[in-house]
Amino acid sequence: KPGGFFSTFVVRVDGPAEASLAMLRDTLQSMDRQVPIFGAKTMQDRLTGELARPHFYRTAVLCFAAIAFLLAALGIYSVVAYTVAQRTHDLGVRLALGTTPSDLRRTLLRQGLQTIVLAAIPGAAGALLAGRYLHSLVEGAQPATPTAQAAALLFIAATAATAIWVATRPISRLDITDVLRAD
């Protein structure tokens, strides 16, 4: 009966399944030449096809996360480097008054990390809400666990600390006399 129904056959074979596909097609055609045979695939091919889209989505999300991470690190570095360049005179005066470059860098690191922590609080709350919303939209999506959020926050803090430390490196090369003469 044309357009009536579709039948699916699952056959278990010994040895490589790809080699048996042609023989199985021929066997089915020998029973009835009117029966169209299409979509003959191995179970591995079917599984690969079914899992390809979730794998692509995971890869895309991972790529976007890596780009976001690099942009965040670059942004933190740029802002701190700009701030250090703008505050060169102030930093030079502090060095002239006896502050060591490493103490000055630690102070800037502490101030920068305080800003990161203050920004992370609403960011974590937003991520928690977005995770719950995503969980309601996408089947199988799981909201982030507190452990995963804490790990992400520590990772961001470590990245920020590294970016701040690298951006404040020019402080150790400041020539105090040149800085003070500029004004």
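Restricting the search to the stretch 98-128, which residues are among the β-branched types (V, I, T) and in contact (Cβ under 8 Å) with a residue 40 or more places away in the chain? Passing the criteria: I116, V117.
Of all residues in the stretch 112-145, exactly one satisfies the criterion of being open to solvent by less than 50 Å² (accessible area, probe 1.4 Å) and among the β-branched types (V, I, T), namely I116.
Test of understanding: among I76, I67, which residue is surrounded by 11 or more Cβ atoms within 10 Å (Cβ to Cβ) and not in a loop (DSSP other than H, G, I, E, B)? From the options I76, I67, the qualifying one is I76. Within the stretch 147-183, being surrounded by fewer than 16 Cβ atoms within 10 Å (Cβ to Cβ) and not hydrophobic (A, V, I, L, M, F, W, C) holds for T147, T162, R169, P170, S172, R173, D175, T177, D178, R181, D183.
The condition of being among the acidic types (D, E) and either under 24 Å from G140 (Cβ atoms) or in contact (Cβ under 8 Å) with a residue 40 or more places away in the chain (or both) holds for only one of D26, D45, D32, that being D45. When the stretch 1-60 is filtered for residues that are open to solvent by 100 Å² or more (accessible area, probe 1.4 Å), in a helix (DSSP H, G or I) and of a type in the set (D, E, K, R), the ones remaining, listed by number, are E18, D26, R46, E50, R53, R58.
The values are calculated or read from the model by the stated rules, or taken from the named source; none is laboratory data. If you're wondering where the values come from, they're calculated on a predicted model, not measured in any experiment. Using ideal geometry, Cβ is built from the backbone for each residue, glycine included, and neighbour counts are taken over all protein chains shown. Note: areas computed on protein heavy atoms with side chains; ligands, DNA, RNA excluded. Shrake-Rupley method; radii C 1.70, N 1.55, O 1.52, S 1.80 Å.
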